[in-house]
Amino acid sequence: LVFTSFDTDSGAEYNQFSSRQAGRYISRCQIPADFFNEGQYVLGINASSYRVKRYFQDEHALTFSIDSMGAPGKQWAESRLGTIRPRLNWVIEEQA
């Protein structure tokens, strides 16, 4: 398991959508570029009313592979450890 996320993780979305009227909804999220390290991953999805009803679950909805070409740290000879390989914004300051 790398991470879990819900469409009501932020307080604003939770307040607005924790209880929804019947209807059709589309929830989208974007995983930033360079988030995953190289390897194969499986995406699972779930649609439910918490502790009430599960409408849909597929623990293997999508399988994908990440190639590390152009990824952060590829100039180093050794492989980057860990499941994620985020491109962080570093600030380097020379001290006098």
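Filter the range 23-38 down to the residues that are closer than 25 Å to MET69 by Cβ and either among the small types (Gly, Ala, Ser) or assigned to a loop (DSSP other than H, G, I, E, B) (or both) and list them by number. Passing the criteria: CYS29, GLN30, ILE31, PRO32, ALA33, ASP34, PHE35, ASN37, GLU38. Of ASN46, ASN37, all but one fail to be within 30 Å of LEU81 (Cβ to Cβ), without any contact (Cβ under 8 Å) to a residue 40 or more places away in the chain and surrounded by 11 or more Cβ atoms within 10 Å (Cβ to Cβ); the exception is ASN46. Could we say that SER5 is touching a Cys at 6+ places or on another chain (Cβ under 8 Å) and surrounded by fewer than 12 Cβ atoms within 10 Å (Cβ to Cβ) here? Against the criterion (touching a Cys at 6+ places or on another chain (Cβ under 8 Å) and surrounded by fewer than 12 Cβ atoms within 10 Å (Cβ to Cβ)), SER5 qualifies. Just to be sure, is GLU59 touching a strand residue (DSSP E or B) at 6+ places or on another chain (Cβ under 8 Å), exposed (fewer than 10 other Cβ atoms within 10 Å of the Cβ) and not small (Gly, Ala, Ser)? Yes, satisfied.
Of everything in the range 8-34, what is touching a residue at least 12 places away in the same chain (Cβ under 8 Å) and surrounded by 10 or more Cβ atoms within 10 Å (Cβ to Cβ)? Give them in sequence order. Across the range 8-34, the qualifying residues are SER27, ALA33, ASP34. Within the range 50-96, the residues that satisfy the criterion of being of a type outside the set (Val, Ile, Thr) and either in a strand (DSSP E or B) or in contact (Cβ under 8 Å) with a residue 60 or more places away in the chain (or both) are LYS53, ARG54, TYR55, PHE56, GLN57, ASP58, GLU59, HIS60, ALA61, LEU62, PHE64, SER65. Any residue in the range 69-89 that is of a type in the set (Val, Ile, Thr) and either loosely packed, with under 10 Cβ neighbours inside 10 Å or more than 18 Å from the chain's Cα centre (by Cα) (or both)? No, every residue in the range 69-89 fails to be of a type in the set (Val, Ile, Thr) and either loosely packed, with under 10 Cβ neighbours inside 10 Å or more than 18 Å from the chain's Cα centre (by Cα) (or both).
Within the range 42-49, none of the residues are at pLDDT below 90 and part of a loop (DSSP other than H, G, I, E, B).
The values are calculated or read from the model by the stated rules, or taken from the named source; none is laboratory data. In this text the structure is predicted, and so the values were computed from the model without any measurement. Cβ sites come from the backbone with ideal geometry, for glycine too, and all protein chains shown count toward neighbours.
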